[in-house]
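Data first, discussion second: the structure below is written as structure tokens.
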Amino acid sequence: MKPQPQKLPSIASPKASDPASINDLRVRHLRWMILARALDDRMCKLKAQNLVPGSVFTGRGQEAFSAAGGMLLRPGDVFAPLIRDQAGRLAFGETIIDVVRTCMGKRTSSMRGRDGNIHRGNIDLGLLPMISHLGAMVSVVVGMLMARRFQGKLVGNDLCVGMASIGDGGMNAGALHEAVNAAAVEKLPMVLLVANNQVAYSTFNDRTYACKDLVDRAAGYGFNGQSCDGTDAAACLAAIGDAVARARRGEGPQMVVATLLRLAGHGLHDPADYITPELKSRFGDCIQLDSNTLKIQGVLSEQDIERLWEDARTLISAAVEQAQTEPDPDPGQETWNAYAEPDLKKVRT
Amino acid sequence: MTIAYLEAIRLALGESLDEDPRVFLYGQDIAGAFGGAFKVTKGIAERHQDRVLNSPISEDAMAGIAIGAALEGMRPVIEFQFADFATIAFNQFVNHAATIHWRTGRSCPFVARLPVGGTPGGGPFHSQMPESWLSHHPGLVVVAPATVADAYFMLKDAIACLDPVMFCEHKYLYYHLKADFDKTRAEHLPLGAAAIRRGGGDCTIISYSGMVHEALRAAEILSRDHDLDCEVIDLRCLRPLDTETILNSVARTGRVVVATESWPFGGVAAEVLALVSSEGFSHLDAPPRRLCALDTPIPFHPDLFAAHHPDAERIADVVLETMAF
């Protein structure tokens with residue numbers, strides 16, 4: 001059963017090619033951020049109700065950066081998200097119902113209960129189903145872009161883009177280093193989003209890297225690098241927008257490093273009491289900050305913002321209601337077969 | 001025409017590039033006139049410059065790139081300089097490539113060419129056999145051709161296979177094994193089938209890769225010196241195993257010796273013995289035996305190396321012990 005591309009209901013596609021004003025773009029950005037936060041909140045509640053196997057991993061505090069990445073991509077691009085990318089996934093085209101189904105392990109989900117939570121994806125949409133090993137998805141994006149070049153699809157000055165997410169922890173994985181270097185050698189239109197959320201599970205940056213700033217590595221790899229304040233929605237849109245535009249124009253691989261703070265534990269099981277009040281006081285909540293800014297600038301009213309939350313919760317409740325009626329996987333119906341070839345004894349050219 | 005095992009691999013690669021625009025080769029030092037550490041891609045790299053690409057020394061990325069390209073409809077063939085370095089790609093193979101079909105329903109067709117096995121002086125890091133740890137993981141196909149014809153046909157079949165194929169090619173056989181080869185007349189078994197290289201009713205000797213040739217030599221010795229008629233099975237495909245051919249043979253002979261160049265613990269030989277013991281127990285006239293490499297890292301000095309893995313004489317000795325049971 002192939003995962004089928006599905007349309008997200010109600011919220012207009014942010015990838016439409018209409019010449020949206022900056023304000024429209026920013027409102028759509030906030031909608032994705034709010035939808036992701038509300039969905040993360042609901043998944044936590046479902047976990048408390050014992051309706052979700054495993055843990056729940058949220059993107060709390062990283063929505064502005066993640067949503068900007070997802071919404072600045074378009075159909076035909078590739079996105080390899082990580083565990084904090086609920087917002088980017090939704091903005092790129094993941095459906096709410098598949099998030100709910102996959103987290104509940106439903107047979108109807110894209111992973112059919114064989115895998116769950118943040119490992120979901122839809123390869124047909126270009127949304128890669130991550131494995132847990134940090135850095136591993138980046139070379140897969142490189143391979144997909146190389147394939148498109150072999151197929152003659154990487155020509156002109158409006159290229160498709162491969163985007164991959166990583167964090168301050170994953171930046172130190174060997175796989176990441178190999179993949180990023182290969183992307184640069186091949187001069188591919190790749191955008192690496194680095195969410196520096198200060199802490200790899202419970203280990204702070206002073207024990208994970210020793211360079212002054214992660215963006216300094218961009219030049220070392222042969223990437224164009226830029227930084228942004230990951231709590232500032234407009235700054236995220238501007239930095240990623242510029243990086244994506246450069247990649248599309250054929251300027252090669254781009255790295256965008258956002259400084260922000262993970263506003264939750266590693267997963268729902270983690271109280272994150274290692275995050276000190278002092279550290280917390282240095283970072284705002286991107287959704288609150290953006291809501292305030294849009295109100296002050298007169299783009300949205302308090303009521304408008306409240307409606308965004310209400311709309312998000314309504315969509316999510318409908319998806320949860322639907323998923324709850326759907327079947328769990330049945331061990332008796334499973335094929336228990338890991339191979340695509342039905343019979344190796346018949347493979348003969 | 002007489003060709004070497006390595007030339008059969010080169011022929012299969014060249015034809016695959018000629019015939020199928022989805023095929024590309026990616027690996028260290030394989031491009032241009034240099035043509036790879038063992039010269040497998042020499043000649044074809046110059047003919048297909050756009051689809052024979054050098055990679056950085058980045059085995060994890062090589063495997064990840066193969067996965068990504070396969071998902072986009074290509075048929076990547078990645079070359080590892082030595083199978084020993086596939087440990088660096090272990091994660092992409094077993095956690096990523098092997099799980100994609102199960103998790104998503106999509107196939108992930110690529111071939112990883114792994115030069116395996118020992119040569120005198122190769123030492124601990126240029127001699128290993130990776131098939132046991134690769135075949136442990138459901139989702140990977142693991143093959144190990146032992147003949148010139150299989151080197152050609154199995155590589156072409158591996159490229160056609162919808163699953164990720166770990167293609168273990170024995171580097172001692174590269175230039176040492178030569179045979180008459182005519183692809184229109186040579187035997188071409190399906191990828192997942194074992195081959196009976198020599199028929200016999202007294203004892204089944206099961207092997208694969210380079211050790212098949214020692215098993216055949218052992219059968220010759222046993223025939224000449226002891227009037228014993230041994231059946232020699234070349235497993236060819238280690239994952240999945242052709243259990244039918246193994247059990248049918250043991251049903252005929254009642255005795256089995258498995259000979260491999262690999263370490264004994266948790267290996268393919270252990271798997272074959274488990275199969276024979278649990279599903280062929282009623283056929284057995286003697287305890288099934290295995291003969292593997294010694295349980296240490298692979299030694300450097302040619303004399304130590306020669307003593308480290310089985311040879312025909314030692315296989316013949318174990319068969320005689322089995323016959324005497």
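Each reported figure results from applying straightforward, stated rules to the coordinates on display, with no laboratory input. Being a predicted model, the structure only gives us computed values, none of them experimental. Cβ coordinates were reconstructed from backbone atoms using ideal geometry, including for glycine residues, and neighbour counts include every protein chain displayed.
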* To do: Using a Gaussian network model of chain B whose springs link C-alpha atoms within less than 10 Å, name the residue from B:285, B:50, B:163 with the highest mean-square fluctuation.
  => B:50
* Structure fact -> Here segment A:114-128 yields Karplus 3J(HN,Hα) values (6.51, -1.76, 1.60; θ = phi - 60°; whole Hz; Gly and Pro given as x) of 6, 9, x, 5, 6, 7, 6, x, 8, 4, 4, 8, x, 9, 7
* Over chain B, with a single point scatterer placed on each C-alpha, what log10 of the ratio I(q)/I(0) does the Debye formula yield at q = 0.10 1/Å? -> -0.55
* Asked: Using only helices, what value at 222 nm comes out for chain A when you add -39,500 (n - 2.57) per DSSP H run of length 4 or more and divide by the total residues, to the nearest 500 deg cm²/dmol?
  -> -12500 deg cm²/dmol
* What is the spin-label model distance, in nm, from residue A:41 to residue A:328 if the labels are put 7 Å beyond Cα along the C-beta direction? -> 2.9
* Structure fact -> One would report the antiparallel percent of DSSP beta bridges in chain A, rounded to the nearest 5, as 10
* Asked: How large is ³J(HN,Hα) for each residue in segment B:259-270, as worked out from phi by the Karplus curve 6.51 cos²θ - 1.76 cosθ + 1.60 (θ = phi - 60°), to whole Hz, x for Gly and Pro?
  -> 10, 9, 8, 8, 6, x, 5, x, x, 4, 4, 4
* Asked: Exposure proxy check: A:22, B:206 ranked by fewest other beta carbons within 10 Å?
  -> A:22, B:206
* Asked: For chain A, modelled as a GNM with alpha-carbon contacts under 10 angstrom, which of A:177, A:133, A:119 fluctuates the most?
  -> A:133
* Let me know the mean shielding of A:178-186 by other chains, meaning the per-residue number of their Cβ atoms within 10 Å of its Cβ. => 5
* Structure fact -> When A:345, A:295, B:156 are arranged by how many other beta-carbons sit within 10 Å of their Cβ, fewest first, they go A:295, A:345, B:156
* Using a 10 angstrom cutoff on alpha carbons, build the Gaussian network for chain A and name the most mobile of A:239, A:68, A:219. => A:219
* Quick one: which residues, 5+ away or cross-chain, put their amide H under 5 Å from the amide H of residue A:153? H built at 1.01 Å from N. => none
* Once a ≥ b ≥ c are taken as the square roots of the eigenvalues of the Cα gyration tensor of segment A:24-323, is the result rounded (a/c under 1.5), prolate (a/b larger than b/c) or oblate (a/b not larger than b/c)? -> rounded
* **Simple Cβ-charge dipole of segment B:2-180, Lys/Arg +1 and Asp/Glu -1, about Cα centre, in debye nearest 20** => 80
* To do: Among B:147, A:100, A:294, flag the residue with its Cα farthest along the positive direction of the charge dipole of the protein assembly as shown, charges on Cβ as +1 for Lys/Arg and -1 for Asp/Glu.
  => A:294
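Looking at segment A:47-201 from every direction and averaging, what is the projected area of its Cα convex hull in nm²?
Seen from a random direction, the Cα hull of segment A:47-201 projects 9.4 nm² on average.
To the nearest 0.05, what FRET efficiency results for residue B:229 and residue B:187 with a Förster distance of 22 Å applied to their C-beta separation?
0.55
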* Structure fact -> Here the percent of antiparallel bridges among DSSP beta bridges lying wholly in the protein assembly as shown, to the nearest 5, is 15
* Distance between segment A:144-182 and segment B:153-190 - C-alpha centres, whole angstrom -> 33
* Asked: On full extension of the chain, what length is gained from residue B:57 through residue B:313, given 0.36 nm per residue of separation minus the C-alpha to C-alpha distance?
  -> 88.2 nm
* Structure fact -> Counting sequence-distant residues (5 or more places) and residues on other chains, those with an amide H built under 5 Å from that of residue A:127 are A:79, A:122
* Asked: Going by a ≥ b ≥ c, the root eigenvalues of the Cα gyration tensor, does segment A:16-88 fall in the rounded group (a/c under 1.5), the prolate group (a/b larger than b/c) or the oblate group?
  -> prolate
* What residues qualify as long-range amide H neighbours of residue B:110, i.e. H under 5 Å apart, gap of 5 or more or another chain, H built at 1.01 Å from N? -> B:165
* Asked: For segment B:86-115 and segment B:31-59, what is the separation of their Cα centres, given in Å?
  -> 22
* P(r), alpha carbons of segment A:125-201 - 5 Å bins starting at zero, rounded % -> 3, 15, 27, 25, 16, 9, 4, 2, 0
* Peptide ranges B:185-194, B:252-261, A:180-189 listed from the most packed, as the mean C-beta count within 10 angstrom indicates -> B:252-261, A:180-189, B:185-194
* Structure fact -> A student applying the Cα gyration tensor rule (rounded when a/c is under 1.5; otherwise prolate if a/b is larger than b/c, oblate if not) would label segment B:252-317 oblate
* To do: Return the ratio Rg/(2.2 N^0.38 Å) for segment B:195-324, where Rg is computed over Cα atoms only.
  => 0.98
* Starting from one equal scatterer on each C-alpha and no solvent at all, send me the Debye-based log10 I(q)/I(0) for segment B:2-180 at q = 0.08, 0.11, 0.15, 0.16 Å⁻¹, two decimals. => -0.21, -0.40, -0.78, -0.90
* Label-point separation in nm, residue A:238 to residue B:2, each point 7 Å along Cα→Cβ -> 7.5
* Asked: Per the Kirkwood formula on distinct C-alpha pairs, the Rh of the protein assembly as shown is how many angstrom?
  -> 27.0
* Structure fact -> Going residue by residue through segment A:171-181, the Karplus relation 6.51 cos²θ - 1.76 cosθ + 1.60 with θ = phi - 60° gives ³J(HN,Hα) values, rounded to whole Hz and with x marking Gly or Pro, of 4, 9, 7, x, 4, 5, 4, 4, 5, 5, 4
* Antiparallel bridges, percent of DSSP beta bridges restricted to chain B (to nearest 5) -> 20
